[in-house]
1. Taking the options 163, 201, name whichever one is in contact (Cβ under 8 Å) with a residue 12 or more places away in the chain, hydrophobic (A, V, I, L, M, F, W, C), in contact with a strand residue (DSSP E or B) (Cβ under 8 Å, 6 or more places away or on another chain) and more than 18 Å from residue 132 (Cβ to Cβ).
2. Which ones in the range 135-164 are modelled with pLDDT of 95 or more and among the small types (Gly, Ala, Ser)?
3. Inspect the range 165-183 for any residue being under 11 Å from residue 126 (Cβ atoms), part of a helix (DSSP H, G or I) and at pLDDT 95 or above and give the result as yes or no.
4. Between a first residue in the range 185-196 that is over 11 Å from residue 222 (Cα atoms) and a second residue that is of a type in the set (S, T, N, Q) and assigned to a helix (DSSP H, G or I), which pairs have beta carbons less than 7 Å apart while being 6 or more apart in sequence or on different chains?
5. Out of everything in the range 1-26 that is of a type in the set (Gly, Ala, Ser) and surrounded by 14 or more Cβ atoms within 10 Å (Cβ to Cβ), what residue ends up being modelled with the highest pLDDT?
6. Got a number for residues in the range 149-166 being more than 15 Å from residue 195 (Cα to Cα) and touching a Ser or Thr at 6+ places or on another chain (Cβ under 8 Å)?
7. Go through the range 1-34 and report how many residues are within 23 Å of the chain's Cα centre (by Cα) and part of a loop (DSSP other than H, G, I, E, B).
8. Identify all residues within the range 73-93 that are touching a Leu at 6+ places or on another chain (Cβ under 8 Å) and either assigned to a loop (DSSP other than H, G, I, E, B) or farther than 17 Å from residue 236 by Cα (or both); write none if there are none.
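The values are calculated or read from the model by the stated rules, or taken from the named source; none is laboratory data. Since we're looking at a predicted model, the values are computed, not measured. Here the Cβ positions follow ideal geometry from the backbone for every residue, glycine too, while neighbour counts run over all protein chains shown.
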Amino acid sequence: MTTVLSPWKSSLLGAYYYATLPGRLWSNEQAARAGSAPVMVIYYHRVADHTPNAWTISNAQFRREINWLQANFDMVSLDEAQRRVREGNDKAAVSITFDDGYAENCEWALPLLVSRRIPCTYFVTSHYVLTGQSFPHDAADGTPLAPNTIEQLASLAAAGIEIGGHTRTHADLGKLTSDSQLRDEIVGGREDLEQTLGIAIRHFAFPYGLHDNLSAAAFHIAADAGFTGVCSAYGGYNLPGDDPFHLQRIHADPEIVRLKNWLTVDPRKVRRTERFQYQRRSDHTLREDMAP
């Protein structure tokens, strides 16, 4: 969810972006030569041309963004993103994700990604796709929108879209203090999808995803349950040498100037984005945790 820039703020950001772009391109080239190019993960919620809200982007704008992304970055899966964070990266890369699970995404946006063979991870809140109920944030907004059906998710998985977990009920995990509640949301949501779809759910995304919506306990429960990685949503770049289990994500803004400003590595964002801290487990420990 994001706010729309006023025309004058959009103009100011555009002026800043283009004025600083030559320096950014030089810095990015040096980083690529050193094998330390950023790995960026972006997220969408809903792509549709009707009932617009703060978490919807139009089909035309989505195509425009995808065209720009394909022309400027390696488009990679979350698995590949994690590998580059672990081992080094010689070209800026972007991984596309979606949150929640809206039916309209299957009408145009996801078929576009499939047709272009662009990797995508689709994070789903299990209760709503299983029951057909609208998401609570949509009901509160007065626009009860349709979630995906199980048939749609099965078709996406068959087409190569990775299905990920996004809790059972879109709970704010930062407010849950009980390990049993956290496990029910994180692991229970995965089990719902695995049992219904007959596929493995390997990645998890925190609902809301800001610092206040995360917790060290939730990270450890996801690791202990065998998730390959987790995603937050407060912005930030993933650089080689960072924690590959936790991928920071950037909102795919409907105003393309803000997306371009983020993905060409705004030095202000680098300085101001504080990575969420939790007791990181070593790769060896994580592998032991994931063993059956």
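1. It is 201.
2. Result: 146, 154, 155, 157, 158, 159, 160, 164.
3. In the first step, residues of the range 165-183 are kept if they are under 11 Å from residue 126 (Cβ atoms); the result is 165-170.
Then drop every residue that is not part of a helix (DSSP H, G or I), which leaves none.
No: the range 165-183 contains no residue that is under 11 Å from residue 126 (Cβ atoms), part of a helix (DSSP H, G or I) and at pLDDT 95 or above.
4. 189/126; 192/126; 193/126
5. Looking at the filtered set, the residue picked out is 14.
6. Adding up the residues that qualify gives 3.
7. 5
8. Once the filter is applied, which keeps residues that are touching a Leu at 6+ places or on another chain (Cβ under 8 Å) and either assigned to a loop (DSSP other than H, G, I, E, B) or farther than 17 Å from residue 236 by Cα (or both), the range 73-93 yields 73, 75, 92.
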